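Report on the structure given below.
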Amino acid sequence: MKKVITGNQAAAHAARLARPDVVAVYPITPQTSVSEMMAEFVARGLLKARLIRVESEHSVMAALIGASMTGARTFTATSSHGLALMHELLHWAAGARLPIVMVNVNRAMGTPWTIWCDHLDSLSQRDTGWMQFYCESSQEALDTVLQAYKLAEKVNLPAMVNLDGFYLSHTVEPVDIPEQDLVDAFLPTRIPLYRLDISDPHSFGALTSPEHYYELRYKAQKQMEQVKQIIKTVNAEFSRIFGRSWPPVEAIETQDAEIIIVTMATAVGTCRWTIRRLRQQGLRVGLVKLKMFRPFPGEDLLEAIPEGPRVLVLDRNLSLGLGGIIQQELKNIFYSAGRRNQIFSAIAGLGGRDITPEQIELAVKQSRQDMYAAGQINWLGGKI
Amino acid sequence: MKRRVYTSQQEMPEVAISESGSEWNLTGTWSTVVPVHQNKNAPCRIDCPVGVDIPVYLDLIKQKKYLKAFKIVKQTNPMPAITGRVCYHPCEDGCNRKILDQPLAIHSLERFIGDWGLENVTTRKLKADPEKGKIAVVGSGPAGISCAYHLIKKGYPVTVFEKESQAGGMLRFGIPEYRLPERVLDRELKSIFDLGIELRLNCQVGKDITWEELANFAAVFIATGAYRSRKMNLPGENLDQVKPALEFLIEANLGRKFDLTGQKVLVLGRGNTALDAARTALRFGAEVSILSRSGREEMIATPEEIQMAVEEGVQILELVDVAGFEWIDPNQIRVNCIRLQREVNRSGQIKYSSLADSQFSLTGNLVLVAKGQDADLQILPQNLTKDSSSLEVDQWGRTSQEKFYAGGDLALSNKTVAYALGSGRKAALAIEAYLKKMDAQALEENILITKETDLNLDYFAKTPRETESLLDPQVRKVGFREVNLGMSQESILKEVARCFSCGTCNSCDNCFTFCPDLATYKNNHQYRVVTEYCKGCGICVQECPRDAIELMVKFGEEL
């Protein structure tokens with residue numbers, strides 16, 4: 001059934017269709033409408049779940065960890081400072097290998113106090129051991145939540161599905177909401193790896209000596225590495241059932257490109273439109289959409305970006321003291337692979353400033369004409 | 001149990017999940033200290049001259065284990081029904097509970113358990129072994145009875161020599177019926193003598209039997225009391241209308257019915273004897289005034305006694321000194337008085353001095369003098385060392401002569417029932433030590449005292465002290481009915497629940513519950529700390545409400 005809905009509504013519908021057993025909620029802009037909708041689904045009997053209202057995001061995650069350890073499927077949504085407050089427990093959830101799925105509606109970190117979008121909130125959590133996905137559209141948000149459950153429960157790792165605050169969370173577009181039986185076919189009941197069970201008591205996550213901690217981290221890393229392949233089988237199965245595909249990396253007109261833009265989330269949509277216009281001007285511009293940030297799909301990126309063209313990374317984030325986080329990760333992959341593409345870095349759209357086609361066009365041209373060095377930051381759209 | 005260590009990641013689970021217990025982990029090896037359950041003495045017990053193990057028997061009352069509680073009391077105190085009534089309870093002064101609200105009413109609880117014993121416990125005759133050595137006790141007051149009681153319990157045959165026709169000494173002759181009813185006294189004494197103590201009444205040592213004859217006993221305990229009222233050395237003190245208060249009390253206790261209706265009685269003194277004499281005279285119909293040298297607050301008699309006397313109508317004239325007496329007629333006497341003033345010096349000492357030009361006189365029909373009593377030392381063997389007013393003894397009641405021991409009012413400056421009982425018990429210990437050729441010091445306990453700062457008061461809620469029911473003052477003064485009716489059973493249980501059980505483990509389970517290493521094991525209300533696992537964190541010591549656990553250093557220096 002197609003409906004014109006917001007990204008938050010799409011994510012909430014997906015969560016409902018996934019039939020979680022426990023939903024813990026705590027409000028924060030711009031995520032709140034997800035929590036509200038989940039509460040409404042439960043109140044109207046459309047979702048048979050235990051909805052727990054707690055006193056902070058820290059407790060949200062604690063509640064979900066406890067629930068997930070019993071074998072329950074769990075869901076929550078958060079944003080920015082709420083996510084930061086969960087930080088300690090994000091590590092815990094990943095270390096305990098719990099397939100918790102969480103929607104994070106991206107909002108820049110304060111202070112300066114802000115409610116608008118950039119990606120520093122979720123990217124700050126990159127080392128917590130959560131899988132991270134970024135969505136371009138409301139449809140993708142819905143589909144990614146469903147895929148996240150499938151994937152998380154296969155690999156026993158938590159998944160974070162990121163939606164750009166306001167750009168995606170609060171704008172409407174037509175979305176196909178799948179039928180429940182199709183979702184049920186795609187997403188069977190969770191079979192937990194381990195579970196809290198009073199008839200078979202164990203302690204979980206207790207003090208682990210140096211003799212064993214290292215190996216447990218190794219195993220989690222190995223599992224993360226396998227995700228890069230497993231997500232493809234999950235996406236293929238999803239595609240068979242629902243007719244839509246969301247690869248971790250999508251290459252758009254890269255084969256003949258002299259310059260390729262790499263970016264995430266809603267900026268991808270703007271870039272799709274902009275490269276069409278640039279190609280009409282005769283510039284051979286390509287685009288790589290990075291949907292999956294963790295695990296980092298290095299092999300897919302090397303495949304999507306041929307040797308030769310320049311690369312322009314549009315980072316909607318800023319790691320103070322370094323620059324854009326995506327460009328840094330990309331450089332790491334390329335250097336390790338012996339690739340010498342020139343990689344240009346643009347910081348754009350911080351704290352909810354729009355990333356416009358004009359800015360993208362300008363950045364492409366500046367990069368092409370060596371108007372700034374590959375190692376420098378291009379403060380795109382900044383009043384610098 | 002052995003600890004499993006994986007040799008490769010393949011055999012490991014995906015998460016940190018326990019596969020077995022952690023008994024392999026001997027956390028006790030980390031510690032330098034270990035908690036030891038060690039009972040200590042509560043201050044009430046230390047302050048009790050008899051040494052009754054108060055917290056232990058109170059805990060047993062809490063559990064309604066009355067027989068066990070009674071037995072604990074009787075280990076040290078032969079007559080709880082009596083002391084529960086007449087002892088001035090120094091135990092309550094020491095009670096740690098006073099820092100939270102009010103001290104425990106220990107005397108009411110002692111009286112309760114004493115009465116319970118009289119009702120429910122029958123004395124069985126004990127076997128005494130003449131081979132161990134026969135003991136003579138001279139005097140059947142509280143000191144003599146206490147010594148005899150403890151010795152018969154140790155298996156020594158004891159003979160008590162009493163010059164009067166009835167046993168009890170000052171308990172019988174000095175304490176009025178309304179404070180200590182004769183039926184209680186008789187039953188309590190019977191329960192003690194029935195243990196097999198030989199009692200020879202109407203037998204005055206030095207007259208009916210010689211001291212030399214007593215020397216044939218293995219040991220002799222002398223407790224002949226202090227019956228000689230002190231003289232004031234004032235003009236007119238030998239007039240017929242001036243009478244020692246103790247003499248008056250003895251006569252009343254022997255059954256003499258004084259008719260003092262409409263008479264004015266003046267009592268000189270400020271101790272319990274003065275109060276007893278005043279309240280007794282009141283009951284014979286007199287109008288009574290007590291002339292006290294000190295202020296009411298500094299009187300020696302207990303505040304409760306003074307309060308009850310005032311309720312009954314006794315008048316207290318504070319800060320009055322007597323200068324002499326004048327004969328008016330065979331029935332009347334003038335008492336010349338002077339007012340005193342009270343001064344507190346820098347070190348807090350109170351001094352009284354005469355107020356100039358404050359002479360006045362009172363007229364009365366009878367003057368009762370309660371200025372203290374001394375022992376009659378003439379009746380004692382010549383070779384015992386004495387000072388001007390009492391027999392010289394050490395802390396164990398040993399006199400200057402081997403095998404002769406003494407206690408009670410004869411030897412003590414603190415002339416109370418409790419101290420007399422304590423001196424009898426100590427002498428019994430010393431006699432045993434002497435006969436077994438041991439050092440009496442070895443019998444003394446190593447005393448650790450629980451201070452109020454060692455308690456964890458978080459475990460105790462403020463609860464007011466229960467009260468005893470007293471006879472109405474109007475009913476009291478027209479007879480000799482017992483004034484203090486004790487506490488109800490309900491009040492007893494409420495009151496005993498207020499006891500902190502200082503220094504005394506009562507199996508509250510806190511050490512067991514709070515141990516983070518599960519290193520405290522419990523078996524039959526006894527706790528054991530497993531040193532293999534105890535990290536020495538001291539949580540159990542902190543959480544013990546009653547200071548019954550100590551942290552001991554495993555090695556190295558003391559904490």
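Read-outs throughout are calculated quantities, based only on the coordinates presented, and are distinct from any laboratory measurement. Treat the numbers as computed from the prediction; the structure is a model and nothing was measured. Don't worry about glycine lacking a Cβ; one is built from the backbone with ideal geometry, like all the others, and counts go over all protein chains shown.
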The long-range amide H neighbours of A:Asp21, using H built 1.01 Å from N in the peptide plane and a cut-off of under 5 Å, are A:Arg73, A:Thr74
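So what is the orientation-averaged projected area of segment B:237-314, using the convex hull of its C-alpha atoms, in nm²? Don't jump to the answer; show the numbers that get you there.
On the way: hull surface 20.4 nm².
Averaged projected hull area, Cα only: 5.1 nm².
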In nm, to one decimal, how far is the A:Thr208 label point from the B:Ser353 one, both placed 7 Å along Cα→Cβ?
8.6
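Give me the percent relative contact order of chain B, please, defined on Cα pairs under 8 angstrom at least 6 residues apart. Mind dumping the intermediate values first?
Details: 1137 pairs, mean separation 119.9, N = 559.
This gives 21 percent for chain B.
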The simple spin-label model distance between B:Val475 and A:Glu55, using points 7 Å out along Cα→Cβ, in nm, is 5.7
Cα-based reach from B:Lys436 at 21 Å (exclusive), listing lysines while leaving out same-chain residues under 8 positions away
B:Lys127, B:Lys132, B:Lys134, B:Lys153, B:Lys154, B:Lys403, B:Lys426
In which sequence would B:Leu493, B:Leu368 go, from the one with the fewest C-beta neighbours within 10 Å to the one with the most?
B:Leu493, B:Leu368
Dipole axis of segment A:2-242 (+1 Lys, Arg; -1 Asp, Glu on Cβ), positive-most option in A:Val172, A:Cys135, A:Ser239:
A:Ser239
How high is the relative contact order of chain A, in percent, counting Cα pairs under 8 Å that sit 6 or more residues apart?
16
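Work out the FRET efficiency for B:Thr531 and B:Cys508 from their Cβ-Cβ distance, taking R0 = 30 Å, and round it to the nearest 0.05. It would help to have the intermediate numbers written out before the result.
Details: r = 22 Å, r/R0 = 0.74.
My answer for the efficiency is 0.85.
Please report the antiparallel percentage of the DSSP beta bridges confined to segment A:249-379, to the nearest 5.
25
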So for segment B:231-372, using the alpha carbon gyration tensor with a ≥ b ≥ c as root eigenvalues (a/c under 1.5 gives rounded; past that, a/b versus b/c decides prolate or oblate), I'd call it oblate
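Name the shape class, rounded, prolate or oblate, that the alpha-carbon gyration tensor gives for segment A:249-379, where a ≥ b ≥ c are the square roots of its eigenvalues, rounded holds for a/c under 1.5, and otherwise prolate holds if a/b is larger than b/c and oblate otherwise.
It is rounded, given that a/c, with a ≥ b ≥ c, falls under 1.5.
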Hey, how many Å between the Cα centroid of segment B:233-281 and the Cα centroid of segment B:499-559?
58
Let me know the mean shielding of A:89-102 by other chains, meaning the per-residue number of their Cβ atoms within 10 Å of its Cβ.
1
Fewest Cβ neighbours within 10 Å first, please rank A:Ser169, A:Ser239 accordingly.
A:Ser239, A:Ser169
Please list, in order, the residues from segment A:258-272 whose amide nitrogen is less than 16 Å from a point placed 7 Å along the Cα→Cβ vector of A:Arg126.
A:262-265
Once you have a ≥ b ≥ c as the square roots of the Cα gyration tensor eigenvalues for the protein assembly as shown, tell me rounded if a/c is under 1.5, and otherwise prolate or oblate according to whether a/b is larger than b/c.
prolate
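Sorted by mean Cβ packing within 10 Å, highest first, what order do the peptides B:340-349, A:12-21 take? Spell out each step's value before the answer.
On the way: B:340-349: 9.8, A:12-21: 24.1.
Top to bottom by mean Cβ count within 10 Å: A:12-21, B:340-349.
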The relative contact order of segment B:231-372, taking Cα pairs under 8 Å that sit 6 or more residues apart, comes to a percentage of 30
Run lengths n ≥ 4 of DSSP H only: what is the helix-derived mean residue ellipticity at 222 nm for the protein assembly as shown, with -39500 (n - 2.57) per run over all residues, to the nearest 500?
-10000 deg cm²/dmol
Work out the FRET efficiency for B:Arg339 and B:Ala461 from their Cβ-Cβ distance, taking R0 = 56 Å, and round it to the nearest 0.05.
0.70
Which of the peptides A:32-40, B:371-379, B:199-207 is most tightly packed, and how do the rest follow, judged by the mean count of other Cβ atoms within 10 Å per residue?
A:32-40, B:371-379, B:199-207
Looking only at the protein assembly as shown, where both bridge partners belong to it, what percent of the DSSP beta bridges are antiparallel (to the nearest 5)?
40
Hypothetical label at A:Ala337: residues of segment A:300-330 whose amide nitrogen lies under 11 Å (7 Å Cα-Cβ projection)
A:300-308, A:330
Between B:Lys64 and B:Glu23, with labels modelled 7 Å along Cα→Cβ, what's the label distance in nm to one decimal, could you check?
4.0
Quote to one decimal, in nm, the extra length available between B:Thr261 and B:Lys98 on full extension: 0.36 nm per residue of separation minus the C-alpha distance between them.
54.3 nm
Share, in percent, of DSSP beta bridges within segment B:231-372 that are antiparallel, nearest 5:
55
Fraction of alpha-carbon pairs over 31 Å apart in chain B - percent:
58
Under unit Cβ charges (Lys, Arg +1; Asp, Glu -1), what dipole magnitude, rounded to 20 debye, does the protein assembly as shown have relative to its Cα centre?
1080
Taking the Cα centre of each part, how many Å lie between segment A:53-126 and segment A:329-363?
27
Residues B:His89, A:His212, sorted so that the one with the fewest Cβ neighbours within 10 Å comes first
A:His212, B:His89
May I ask you to order B:130-136, B:166-172 by the average number of other C-beta atoms within 10 Å around their residues, highest value first?
B:166-172, B:130-136
Cα-based reach from A:Lys3 at 27 Å (exclusive), listing lysines while leaving out same-chain residues under 8 positions away
A:Lys48, A:Lys150, A:Lys289, A:Lys291
Based on alpha-carbon centroids, what's the gap between segment B:360-415 and segment B:1-69 in Å, whole number please?
52
What is the calculated FRET efficiency for A:Arg217 to A:His87, with r their C-beta to C-beta distance and R₀ = 30 Å, to the nearest 0.05?
0.95
Near B:Lys522, which lysines are there with a Cα under 28 Å away, not counting those fewer than 8 places off in the same chain?
B:Lys2, B:Lys40, B:Lys62, B:Lys64, B:Lys65, B:Lys68, B:Lys71, B:Lys451, B:Lys535, B:Lys554
